[in-house]
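Okay, structure first, notes after.
The values are calculated or read from the model by the stated rules, or taken from the named source; none is laboratory data. These numbers were taken from a predicted model, which means no experiment stands behind them. Cβ sites come from the backbone with ideal geometry, for glycine too, and all protein chains shown count toward neighbours.
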Amino acid sequence: MNGPYDIIDGRFRELILANVSLRRLSAGHLWTEGPVWFAAHQCLLFSDIPRQKIYRWMCDGTVNVFRDHSNFCNGNSQDREGRLISCQHGTRSVTRTEHNGLITTLADQFDGKPLNSPNDVVVKSDGSIWFTDPTYGILSNYEGYKATPEQHHRHVFRLDPETKQLCPVVRDFIQPNGLAFSCDEKRLYIAESGSSHDDKVPAVIRVYDVRADKSLENGRDFATLDQGLPDGFRVDCYDNVWTSAADGVHCFDPDGVLLGKILVPETVSNLTFGGPRGNELLITATTSVYAIHVNTAAANSVVAVG
Ligand code: MG
């Protein structure tokens, strides 16, 4: 099959398309992250962390600034009401952009001390907000403001957006990064990206079972990357895991078997499914944003037909 692929398992052919190309949607950035597709507005929002901007890519190909002075915004998601949920390094907080444009701080401290630097975020179908809190945004003045961590752990938190109560669900990561639920939300995947600063840390995505009380149990390794480290990732409607890596996007089946790769010429930081018909992989990769049509779609998505 032609295209920018490395097919490792024949099943990968059913998830990709022939005669499609990797298109560059936007270029000239410093470090792109946080892609989130807004179907209602037919646009992609993504962060350029060092430039402190959130950009908006429209289906007609135009790119403009959605938010200037983004406080070193990193990961983005949307809640069940279609509101933007963002992780901000500069304020060490998770915020929600209301329908009227005002920005609400949902969390900026735990145990009376500032968070490290919220990195990536996902919203469960019950409205709870789950995010990771590694230290990347306070390690230097490039992606935030250099500071000494005041948290004892690099937690993964569950946030109740009504009460704003924070509950740590995992505390044994070196640097937790991207996270995503399985289609039935009975499993939560979390990326360990601690190998960015310590070669001895394995470049793994771990998976946990989600209990009825929304605590996690039975943590185990799901998959290990052979190129680079896992940052952001997404689960598709067949429960495959599509993750960022140094050489592109790696696709793992629900048992953690590597099916194949979409090769990208820059280190990938994150990705999401979107586009007008929901069947495009939208990829943030270092200085650029790329797109490629695929034969799958986001978990729990309703793909447009006709
Ligand atoms: Mg990240």
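Just a yes or no: is a residue in the stretch 294-303 farther than 23 Å from L44 by Cβ and hydroxyl-bearing (S, T, Y)?
Scanning the stretch 294-303 turns up no residue that is farther than 23 Å from L44 by Cβ and hydroxyl-bearing (S, T, Y).
Residue-wise test of (1) at pLDDT 95 or above; (2) touching a Gly at 6+ places or on another chain (Cβ under 6 Å); (3) part of a strand (DSSP E or B); (4) under 22 Å from D236 (Cα atoms).
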residue: F131; (1), (2), (3), (4): yes, no, yes, yes
residue: Y142; (1), (2), (3), (4): yes, no, no, no
residue: K146; (1), (2), (3), (4): yes, no, no, no
residue: F157; (1), (2), (3), (4): yes, no, yes, no
residue: K164; (1), (2), (3), (4): no, no, no, no
residue: P168; (1), (2), (3), (4): yes, no, yes, no
residue: I174; (1), (2), (3), (4): yes, yes, no, no
residue: C183; (1), (2), (3), (4): yes, no, no, yes
residue: L188; (1), (2), (3), (4): yes, no, yes, yes
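Here are some residues: D48, D79, D68. Which one is crowded, with 19+ Cβ neighbours inside 10 Å and among the charged types (D, E, K, R)?
None of the other options fit; the residue is D48.
Checking the condition touching a residue at least 24 places away in the same chain (Cβ under 8 Å), closer than 16 Å to V94 by Cβ and more than 20 Å from the chain's Cα centre (by Cα), which residue from K214, K164 passes?
Exactly one of K214, K164 is touching a residue at least 24 places away in the same chain (Cβ under 8 Å), closer than 16 Å to V94 by Cβ and more than 20 Å from the chain's Cα centre (by Cα), namely K164.
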